[in-house]
Amino acid sequence: MAQAAAAPQSYKDCRNAWVATVEALAEADPRVVVVVNDSIGSSKLNGFAAKFPDRTVNVGIAEQLMIGVGAGLANGGKIPFVSAAACFLTGRALEQIKADIAYSGYNVKLIGQSSGIAYGELGATHHSIEDLAWLRPMQQITVIVPADAWETEQAIRWAADHEGPVFVRVSRTPVPDLDVPNRSFRAGKAELVREGGDATVIANGTTVHLAAAAADLLKSEGIAIRVLNMATVSPLDEDAVAAAAKTGLIVTVEEANICGGLGGAVAEWTAANHPVRVERMGFDGFRTTGSVEHLFEEAGLTAEGIAARLRAALGRT
Amino acid sequence: MTDRSNTLATIRDNALWMRRQAFTMVHKAQLGHPGGDFSATDIIATLYFGVLRFDPTDPRKPTRDRFVMSKGHATGVLYTALCKAGYYPESWLETYMGPGSKLNGHPNRQYLPGVEANTGPLGHGLPIATGIAIAGQIDGADFRTFVLTGDGELQEGSNWEAAMTAGHRRLNRLTVIVDRNRLQQGQGTEETSSLDPLPEKWRAFGWEVAEVDGHDHAALLEVLGAEPGEKPRCVIANTIKGKGVSFMENQAKWHHGVPNDTQYAQAMEELV
């Protein structure tokens, strides 16, 4: 399960993939800069800052400035990666993200660190479960929630190549690499993790491996569950959702608020285009304090919890 | 005439043209912010026709000087300046705030050449200009970045976040101009949340400060055209909201007041 202390050694903190990738990008392209709000340590950027001091712009604890500076650096020909705790990056500077980046159309990459409920015990001020709902209506921003370290690297590399604003969530809660052969990252496209026709789980981020484990549990009970990794929340892969709707039941799973994030996106699209039963798993509001493991279990975000929700929805209890 | 007196004549002529055009646009649209247009006209005319280096045929040329209009509501003055500077034809001005016009109530860089940022919400321009100046500092580039803020706008905390970082980084190719007309939309700045002593505030954040009559073209040209010093520069331009039209001057109600036909005719008689 997803708790840092209890995680198997093969589980990875995706921040390591983020920082290795942005360092490699900076080596190759002098336009790459990072912008932080005193968040060098929490973004694991100490090595980057030592290697590229002139390209590490630390504005101090000032998120509105941080986003404006990102837009200005893009104006000046840079490719800025603005990296900060997702809760402050999005919430504190939302109007700057809207006006300076999305509406102005500046080529800024927003890297939301320690997203979701990774700061478990610190409480709801530090949880970032509303970020997807806040950013999704700004369709100029591509919103990506990678499932593991490999996908984090791919998303960061894609963001650097893509001309336009991108938000990438980076998990600090360790996750295993997905056991999917021959992977290739395509922004805006769902990845098939498990095939099945009785229902479809659409998950992203730290919950994809849990959904896969749930499908494996149910397989032994004769229930075939399709699992999709919907890393890109916006734009949504509508073809994959349409195909999922044909299985008769969709369960969305995410480390985010069930209102407005992946679950919201899938529910909106299916209600308008392909009505089907949609169950949304995630968080239904501010959470109390507790470890990541506790908060995941409380919300049913475990392999057994997801399997139980599927059994109940399919009448197979 | 000398180059300097030629430049001053151009600034004077263009400032007059900008005021007349802007008020005509506001009269036709029955929308706009003419009080703030007129307090900023002489500053912006001095920048575009005496200070900034730009090429209207290549609006995003990397070496251009940047002008960021933080008081994005004052589009009458910005749009007439960009037009006169050669970014687009006069016919565009006639579409001001009309359906589908490129001339929004607030500027949009995605379809209006010469605009650097989509401002409107206040307190955004200086942070963006700070980022532009940091990019120039990283590259050792010699372009300059100017940003115009309102004075009431300085009540937004984001400006002071930027002031702190710009002072810390000694962004000496960055200049902020404060349009100090002492009125915000409803009443005086000093009655609302006072800004004075304003020069001392900027100095305390690590800026060099100059105060100038914001309607004196020669004085504006001297201070805005001066070579960069060691620190970022703040120019507090003391201005009159509604400058140039007797019944508008120093009247907060002309922040977004619009003229009827009689008022428009009187203003056109005065703006000569």
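Quick test of your reading of the structure: B:Val68 fulfils all but one of (1) crowded, with 24+ Cβ neighbours inside 10 Å; (2) over 19 Å from the mean Cα position of the chain (by Cα); (3) β-branched (Val, Ile, Thr). Name the failing condition by number. Result: B:Val68 fails condition (2) only.
Is at least one residue of the range B:97-115 more than 12 Å from chain A (Cβ to nearest Cβ), outside any loop (DSSP other than H, G, I, E, B) and within 19 Å of B:Ile44 (Cα to Cα)?
No, because not a single residue in the range B:97-115 is more than 12 Å from chain A (Cβ to nearest Cβ), outside any loop (DSSP other than H, G, I, E, B) and within 19 Å of B:Ile44 (Cα to Cα).
From the set of residues in the range B:244-254 that are crowded, with 21+ Cβ neighbours inside 10 Å and at pLDDT 95 or above, which is nearest to B:Gly214 (Cα to Cα)? So the residue we want is B:Gly244. The residue that is farthest from A:Ser104 (Cα to Cα), counting only those in the range A:122-140 that are open to solvent by 30 Å² or more (accessible area, probe 1.4 Å) and part of a loop (DSSP other than H, G, I, E, B), is A:Ala124. Evaluation of A:Pro53 against the conditions (1) facing chain B (nearest Cβ under 10 Å); (2) open to solvent by 20 Å² or more (accessible area, probe 1.4 Å) shows that the sole unmet condition is (1).
The lone criterion from (1) modelled with pLDDT of 95 or more; (2) within 13 Å of another protein chain (Cβ to nearest Cβ); (3) farther than 14 Å from B:Asp65 by Cα left unmet by B:Gly136 is number (3). Between a first residue in the range A:244-266 that is at pLDDT 95 or above and open to solvent by less than 10 Å² (accessible area, probe 1.4 Å) and a second residue that is assigned to a strand (DSSP E or B) and polar (S, T, N, Q), which pairs have beta carbons less than 6 Å apart while being 6 or more apart in sequence or on different chains? Short answer, once both residue conditions are applied: A:Ala244/A:Thr200; A:Ile250/A:Thr200; A:Leu262/A:Thr252; A:Gly263/A:Thr252; A:Val266/A:Thr252.
Filtering the range B:22-31 to residues that are under 18 Å from B:Lys253 (Cβ atoms) and either open to solvent by less than 10 Å² (accessible area, probe 1.4 Å) or charged (D, E, K, R) (or both) leaves B:Ala22, B:Phe23, B:Val26. If you go through the range B:143-156 one residue at a time, do you hit one that is facing another protein chain (nearest Cβ under 9 Å), within 16 Å of B:Asp179 (Cα to Cα), in contact with a Leu (Cβ under 7 Å, 6 or more places away or on another chain) and in a loop (DSSP other than H, G, I, E, B)? Looking for residues that are facing another protein chain (nearest Cβ under 9 Å), within 16 Å of B:Asp179 (Cα to Cα), in contact with a Leu (Cβ under 7 Å, 6 or more places away or on another chain) and in a loop (DSSP other than H, G, I, E, B), one finds at least one in the range B:143-156, hence yes.
Of everything listed in (1) open to solvent by 10 Å² or more (accessible area, probe 1.4 Å); (2) touching a residue at least 12 places away in the same chain (Cβ under 8 Å), the single unmet condition for A:Gly116 is (1).
Is it the case that the range B:205-215 has a residue that's part of a helix (DSSP H, G or I), within 30 Å of B:Asp13 (Cα to Cα) and among the small types (Gly, Ala, Ser)? No, every residue in the range B:205-215 fails to be part of a helix (DSSP H, G or I), within 30 Å of B:Asp13 (Cα to Cα) and among the small types (Gly, Ala, Ser). Within the range A:169-198, being in contact with a Gly (Cβ under 7 Å, 6 or more places away or on another chain) and over 17 Å from A:Ser10 (Cβ atoms) holds for A:Arg169, A:Val170. When each of A:Asn46, A:Asn58 is tested for being more than 21 Å from the chain's Cα centre (by Cα), polar (S, T, N, Q), within 26 Å of B:Glu156 (Cα to Cα) and surrounded by fewer than 23 Cβ atoms within 10 Å (Cβ to Cβ), the lone residue that passes is A:Asn58.
The values are calculated or read from the model by the stated rules, or taken from the named source; none is laboratory data. What you see is a predicted model; the values in this text were computed from it and never measured. Here the Cβ is made from the backbone with ideal geometry for all residues, glycine too, and neighbour counts use every protein chain on show. In case anyone asks, the SASA skips ligands and DNA or RNA and just uses the protein heavy atoms, side chains included. Shrake-Rupley method; radii C 1.70, N 1.55, O 1.52, S 1.80 Å.
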